[in-house]
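Visitor: Before anything else, here's the structure in question.
Here, each number is a calculation from the coordinates, and none is a lab measurement. The structure presented is a predicted model; accordingly, all values stated were derived computationally and were not measured. So basically every Cβ, Gly included, is an ideal-geometry build from the backbone, and we count neighbours across all protein chains shown.
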Amino acid sequence: MRDGGDFVLQNGSSVIIWDTFANPTDSLVINQNFTVGQSLQSGPYTFTMQTSGNFTLKWKNNITYLNEGTPLATTASLTSQGIFKLSNSSADSIWVARSSDYTDNSITVRRIKLEPNGNLRSYGWVTSSGTWQPGWSAVEDQCKVYGWCGNFGVCVYNDTGPYCECPSADFDQIDPTDASQGCKRQQDITQCSNNQSMVQLDHTEFFSYPPESESNSEIYYLGIPDCWQNCLKNPSCTASTIMADGTGTCRMKTSNFTSAYQTVSIPSTSYVKVCGQGRPLTPPPPLTKFVNKSKVSAIGIALAVIAPVIGLIIIQICLWWIFCRHNPRFRLGESAAHYTLLEYASGAPVQFSYKDLQRCTKNFTEKVGSGGFGTVYKGELSNKAMVAVKQLEGIEQGEKQFRMEVATISSTHHLNLVRLIGFCSEGRHRLLVYEFMKNSSLDTFLFTTSEHDKRLDWDTRYNIAIGTAKGIAYLHEECRDCIVHCDIKPENILLDENFNAKVSDFGLSKLIHARGHQNLPLTSVRGTRGYLAPEWLANLPITSNSDVYSYGMVLLEIVSGRRNFDILTSGRKRFSIWAYEEYERGNIMNIIDEKLGTNLNIDQIQRVIEISFWCIQEQPSQRPSMGKVVQMLEGVLPMEKPPAPKPLESLQTSSSSGTSQSAISILTSSVPPKAPFSINSVLPANSIYVAETLSGGR
């Protein structure tokens, strides 16, 4: 039994004879790849991946009632966050479906199951209650699963959910204890050919899927009378449906199996053939009507009902005028609508006025941080929710483009990303309102000089490293467009009250499509000294690999508790270069932060250090994707020892007048490098100054 959940049988030569991942039955677990040619089976239902890139649900391998997906998809899998995704041959995520609980970090065990009712559902294990909690389902409406109610079964809804019944009183359930077994006629219609009729079923549709619908004998364009009369006269027809959706389609059911759905939203009328006059199902008893005996009594009752209502309305208006008219939360008009939207539709961004944000931040007095895009202030909304208000600087986009960027950011939701609550765009004012992180940013814990305050143990640091990686992986691989952060650093990794990591400031840099490669000129360098990937100064294509480099530097800082660009007094080496030399000598303890103490998981720490060196490889193609970084951190994906660093003496520098060009020529050399290195370890001070100047002094 492997850690990933795969049960494997091997022979004496360790050759796999059989394993559960290659031979699934009705379920998939986290990170189990489901590929073309595989299938899940549950009763008469089958779930398969098609060569077209779609996944299908079939009844008896004949009727396809669900066909979704995207071209080029070759693999389906379930992530630990509750995301069911389709990937192409390059392992790029190109289609996703999220569970309703995909942001719940208390759920760590998940599965997808093809159920006996024909629906494909995801489940998460809730430890507190000891139950499986349903999440995403492939077919949202259970009644649209073909054949769920059996032959001649009609799927309907009541207050508790979907259930099955027979089309009329002329049918009996095959199994009274299991309505999904379908219904049978009390009298076979072949025995009453001269005494048949059609029972009318309003708002009911008899399903017709290929290959049934491909038969010309079942599809006609007729009026209502002709639709049921033609079926009545046709010996092979058992039921018919006339659509009231403007197509005038009449479906004649001549197959051996009939599946129906009844709901008021269906624009159709159906008919089923029975013996005799036909007996519709007994409708529920009508509500007892009150019969008025005189106009005087009716007026008296009306007054008795209306008068108290009017009195209550007047009392509410008076109370509002006395207590609430000065409270901005209860103001009528635009702001009140904003706060209502904030409280009841938190998934949508709220448009605040500049005065609202001035008021909630006390005129921008409590500064909590600053970054490359502006200053952050602490604020409190009228509903007592704490927020962080970022006052953007240097934003030159017009109103329309700014709103489009806000829409992109607000549609990006993940447990490890800071949530955007709202925005302000008035004249030259551009502000973003985020959820407030109680424990500030990671740098305040890693680089503190205090002996007692703000310390993080290794388990907390390790969880922060994984959470950050998952957040960046979501931006790179699971969004519709790849979002390259461009400024991964501890200051942009925020911590909530439970020290869960949340990446901030994403989406504020240039949006780069996952399949495209755009060359950004040297004058557009964005980022922070110490975390810039080499390609920034080499004028090479900037892709998601640039974020991987920055993350690798942060990962090294999480282990060491010191800045990666710190200069050691011994040898004048940058810490990141010195750390690799210590790693090669086997001196892991010299790299580890002394504040962590001695009760450590050394194997886990060594794996994290090796991952950091893989991430800061000079060649972008040698760096792993963030999705693979997550797997490596969790120990799911094995890895080799990272390559040795390039000898420092091979990186020659010249005088200050020619330093930048020399460094860039080294970075663009045709000789394939093998080493991780920090760009700040090979460029002298004046080259670093160039990077700082171009990135706005950061």
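Visitor: With N set to the residue count of the stretch 1-81, report its C-alpha Rg divided by 2.2 N^0.38 Å to two decimal places.
Guide: Working: Rg = 14.3 Å, N = 81, 2.2 N^0.38 = 11.7 Å.
The stretch 1-81 yields a ratio of 1.22.
Visitor: For the stretch 153-275, with only Lys/Arg (+1) and Asp/Glu (-1) charged at the beta-carbon, what is the dipole magnitude about the Cα centre, in debye rounded to 20?
Guide: On the way: 6 positive and 14 negative charges, 76 e Å.
The calculated dipole for the stretch 153-275 is roughly 360 debye.
Visitor: Run the numbers for D245 and N463: contour at 0.36 nm per residue of separation, minus the present Cα-Cα distance, in nm. Don't skip to the end; give the middle numbers.
Guide: Details: separation 218, 0.36 × 218 = 78.48 nm, distance 5.41 nm.
Stretched fully, the D245-N463 segment lengthens by 73.1 nm.
Visitor: Give me the compactness ratio for the stretch 13-58, meaning the Cα radius of gyration over 2.2 N^0.38 Å.
Guide: Values: Rg = 12.1 Å, N = 46, 2.2 N^0.38 = 9.4 Å.
Here the Cα radius of gyration is 1.28 times the empirical estimate.
Visitor: Per residue of the stretch 38-50, what does 6.51 cos²θ - 1.76 cosθ + 1.60 with θ = phi - 60° give for ³J(HN,Hα)? Whole Hz please, x for Gly and Pro, Karplus curve as stated.
Guide: With coefficients 6.51, -1.76 and 1.60, one gets 8, 8, 9, 10, 8, x, x, 9, 9, 10, 9, 9, 9 Hz.
Visitor: OK, next. Tell me the relative contact order for the stretch 153-275 as a rounded percent, counting alpha carbon contacts under 8 Å between residues six or more apart.
Guide: Numbers: 248 pairs, mean separation 39.3, N = 123.
In percent, rounded to a whole number, it is 32.
Visitor: Label points 7 Å out from Cα along the Cβ direction at S100 and N230: separation in nm?
Guide: Distance between label points: 4.2 nm.
Visitor: Just subtract the alpha-carbon distance of H203 and D496 from 0.36 nm times their residue separation and send over the number in nm, one decimal. Don't skip to the answer; put the middle values down first.
Guide: On the way: separation 293, 0.36 × 293 = 105.48 nm, distance 5.09 nm.
My answer for the length gained is 100.4 nm.
Visitor: Which three numbers, in whole Å and largest first, are the semi-axes of the equivalent ellipsoid of the stretch 149-289 derived from its Cα gyration tensor as √(5λ)?
Guide: Working: eigenvalues 103, 68, 51 Å².
So the equivalent ellipsoid measures 23, 18, 16 Å along its semi-axes.
Visitor: Quick check on my link table: of K400/K502; K362/K400; K85/K113; K367/K438; K367/K400; K144/K273, which ones sit more than 25 Å apart, alpha carbon to alpha carbon? Walk me through the numbers on the way to the answer.
Guide: Working: K400/K502 28 Å; K362/K400 29 Å; K85/K113 15 Å; K367/K438 14 Å; K367/K400 29 Å; K144/K273 23 Å.
As for pairs spanning more than 25 Å Cα to Cα, those are K400/K502; K362/K400; K367/K400.
Visitor: To one decimal place, what Kirkwood hydrodynamic radius in Å is obtained for the stretch 553-644 from all pairs of distinct Cα atoms?
Guide: Working: mean 1/r = 0.0728 Å⁻¹.
The answer is 13.7 Å.
Visitor: Please work out how much length the chain gains when fully extended from N363 to T375, using 0.36 nm per residue of separation minus the C-alpha to C-alpha distance, in nm with one decimal.
Guide: 3.0 nm
Visitor: So, in nm, how far is label K60 from label N439 when the simple model puts each one 7 Å beyond its Cα toward the Cβ?
Guide: Result: 5.8 nm between the two label points.
Visitor: While we're on this one: Please find the FRET efficiency linking Q50 to R480, where r is the Cβ-Cβ separation and R0 is fixed at 22 Å, and quote it to the nearest 0.05. Provide the component values of the computation, followed by the final result.
Guide: Working: r = 22 Å, r/R0 = 1.02.
Here the calculated transfer efficiency is 0.50.
Visitor: A further question follows. Taking the Cβ-Cβ separation of F7 and T108 as r and a Förster radius of 25 Å, what is the calculated FRET efficiency to the nearest 0.05? If you can, show how the numbers build up before the last one.
Guide: Values: r = 20 Å, r/R0 = 0.80.
With a Förster radius of 25 Å, E is 0.80.
Visitor: First measure r as the distance between the Cβ atoms of L600 and K355, then evaluate 1/(1 + (r/R0)^6) with R0 = 56 Å and state the FRET efficiency to the nearest 0.05.
Guide: Working: r = 52 Å, r/R0 = 0.93.
Approximately 0.60, to the nearest 0.05.
Visitor: Hey, can you grab everything whose amide H is under 5 Å from the amide H of Q351? Only 5+ residues off in sequence or another chain; H modelled, so Pro and N-termini drop out.
Guide: F423
Visitor: To the nearest 20 Debye, how big is the dipole of the stretch 8-140 about its Cα centre, given +1 on the beta carbon of each Lys and Arg and -1 on that of each Asp and Glu? Intermediate results must be reported in sequence, preceding the final value.
Guide: Numbers: 8 positive and 8 negative charges, 28 e Å.
Approximately 140 debye in magnitude.
Visitor: Specify, per residue and in Å³, the volume enclosed by the convex hull of the alpha carbon atoms belonging to the stretch 8-140. Mind showing how you got there, number by number?
Guide: On the way: hull volume 18.0 nm³, N = 133.
Looking at the stretch 8-140, the number lands at 135 Å³ per residue.
Visitor: With 5 Å bins from zero, work out the P(r) of the stretch 147-199 over every alpha carbon pair and list the percent per bin.
Guide: Whole-percent P(r) values from 0 Å outward: 5, 21, 25, 21, 15, 8, 4, 2, 0.
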